[in-house]
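Engineer: Sharing a structure, written as structure tokens. Questions coming.
Please treat every number below as a calculation from the coordinates, not as lab data. The model shown is predicted, which means the values in this text are computed figures rather than measured ones. Here Cβ is always computed from backbone atoms with ideal geometry, including for glycine, and neighbour counts include all displayed protein chains.
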Amino acid sequence: MRSVLIVDDEADMALAIQESLKRFGFKPTVYNNPVDVLNELNISDFSLIITDMKMPKMNGIEFLHEIRKRGIFVPVIVITGYGTVENAVDAMKLGATDYIMKPFSLDSLRGVIDRILPAEFGQGAGDIVAESQVMKNLMAVVREVAKSDITVLLSGESGTGKEVIARVIHKSSLRADKPFVAINCAAISESLLEAELFGHEKGAFTGAIDRRIGKFELADKGTLLLDEVSEMAFPLQAKFLRAIQEREVDRIGGRSPIPVDVRIIATTNKDLLSEVKKGRFREDLYYRLNVFPIKLPPLRERREDIIPLAEFFIRKLSQKMGKVFNISGDFESYLLKNEWEGNVRELENLIYRTTVISKAETLLPPIEGGGAQGQEAGRPNAAAGRMKDMERDLIVNTLKETGGNRTRTAQLLGVSVRTIRNKLKEYDISEEEIKR
């Protein structure tokens, strides 16, 4: 269980964050005074620090400065209220990993934490399994490219680990102690993506009730990851191209450009050159991004990594669940013969589902074709009933693991949030049952 340090002089706020983190599966420690933290704790023992900006004896920026001065690079989330956004930017420049504005929801807090700390059962920066020669060669290239500030274009099928590699490049670079800021171009509409990238001034458009700092500015001196860059709207590509060429951004409604120093890493699961030929992606932007291309192989082309990856995910889950799991021979054979169209992500999700539902420590392959291991022939109704029971148990257990977060549960199980909602109703799963 990863430990999180919460530093906030407001006792109610600190308690609310503490209880939320417990439900998320973290081990929180609360301090109301940053001076006491510096005097009494080994800050390096924590996986993450969440600190308020405004505190009486030492503010968040001073606290962060003291942490970094001591050579400690634990990720830091700064909580800031209205009117202190500029201070949040200063904190990012000092090495804060992200900031969150008051008031905030628990889902938004979890979203920020998930961007910084990959899920415990998943791969974190540096947790790369590379037993196959193709991955060993790729990691050798990654280590070399990390030493420079060259723009990197990571391509490959969905689920091959492009963001994991991007984080490794950042963590292995001279910018490692500066912000790593990621934005998914496919998940945000064109109008919102522009505001997310470049920021906006108060009153720049309807709904702009205060100034917002864009991802470019937040990533200053660090790394900006553009996930699924091929999905960026064509008109916005021109403004983005200018930003990386001129190394400056214009906030929406701003009066003057703002200089930025960011390293760009982009990912795509499409053939960008083909997109250029189809008129969907700017040719000049393509060549700006394709300075150092790295293509990640699909899992079916690195089969030597399948069992080591499965064992890696199982070790992570064993630590989280307090149980020791191992792979049966049948399960190993199943893993090796699978084509893994969803790549490493599909393997990770399968391991998660299997361990959650397993009643034994030795993992068996999943049920195929509606049957079940050990099932007597000629009993379709019993099989169907068992399948429904297993599906119900899987949903309930996953919701418990995610603290009731339906979005995260849907991601882990590879279904939509609507499916989870329908299943909750179908199986009459109550909130009380999830909390038990």
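Engineer: In a shell of Cβ-Cβ distance under 12 Å around F325, excluding F325 itself, what net charge do Lys and Arg (+1) and Asp and Glu (-1) give?
Structural biologist: The answer is +3.
Engineer: Can you give the extra length, in nm with one decimal, that the chain gains between S358 and F205 once fully stretched, where that is 0.36 nm per residue apart less the Cα-Cα distance?
Structural biologist: Working: separation 153, 0.36 × 153 = 55.08 nm, distance 5.25 nm.
Length gained, S358 through F205: 49.8 nm.
Engineer: A follow-up question, please. Whole-Hz ³J(HN,Hα) for each residue in segment 246-254, computed from phi via Karplus 6.51 cos²θ - 1.76 cosθ + 1.60 with θ = phi - 60°, x for glycine and proline: what do you get?
Structural biologist: 8, 6, 7, 10, 10, 5, 5, x, x
Engineer: How long, wide and thick is the chain, going by the Cα atoms along their three principal axes, in whole angstroms, largest first?
Structural biologist: The Cα atoms of the chain stretch 75, 57, 43 Å along the principal axes, largest first.
Engineer: Any idea what diffusion coefficient segment 391-436 gets from Stokes-Einstein, in µm²/s, Kirkwood Rh on alpha carbon pairs, 4 °C, 1.567 mPa s?
Structural biologist: My calculation gives 128 µm²/s for D.
Engineer: With N set to the number of residues, divide the alpha-carbon radius of gyration of segment 3-116 by 2.2 N^0.38 Å and report two decimals.
Structural biologist: Normalised Rg, Cα atoms only: 0.95.
Engineer: How are the Cα pair distances of segment 148-297 distributed, in percent, across 5 Å bins from 0?
Structural biologist: Histogramming segment 148-297 at 5 Å steps yields 2, 10, 19, 23, 21, 14, 7, 4, 0, 0 percent.
Engineer: From the phi angles alone, apply the Karplus equation (6.51, -1.76, 1.60; θ = phi - 60°) to segment 31-40 and give each ³J(HN,Hα) in whole Hz, x where the residue is Gly or Pro.
Structural biologist: Each residue of segment 31-40 in turn: 10, 9, 9, x, 5, 5, 4, 5, 7, 10 Hz.
Engineer: Rounded to whole Å and ordered largest first, report the semi-axes of the equivalent ellipsoid of segment 220-292 derived from its Cα gyration tensor (root of 5λ).
Structural biologist: So the equivalent ellipsoid measures 22, 14, 10 Å along its semi-axes.
Engineer: Based only on Cα atoms, what mean projected area does the convex hull of segment 142-227 have, in nm²?
Structural biologist: With the hull built on Cα positions only, its mean projection is 6.3 nm².
Engineer: In segment 333-364, which trypsin sites (Lys or Arg not before Pro) are in a loop and have at most 14 other Cβ atoms within 10 Å, using DSSP for the loop call?
Structural biologist: Here the sparse-neighbourhood loop sites are K359.
Engineer: Using +1 on the beta carbon of Lys and Arg, -1 on that of Asp and Glu, and nothing else charged, what's the dipole of the chain about the Cα centre, debye to 20?
Structural biologist: Details: 63 positive and 64 negative charges, 61 e Å.
Computed about the Cα centre, the dipole is about 300 debye.
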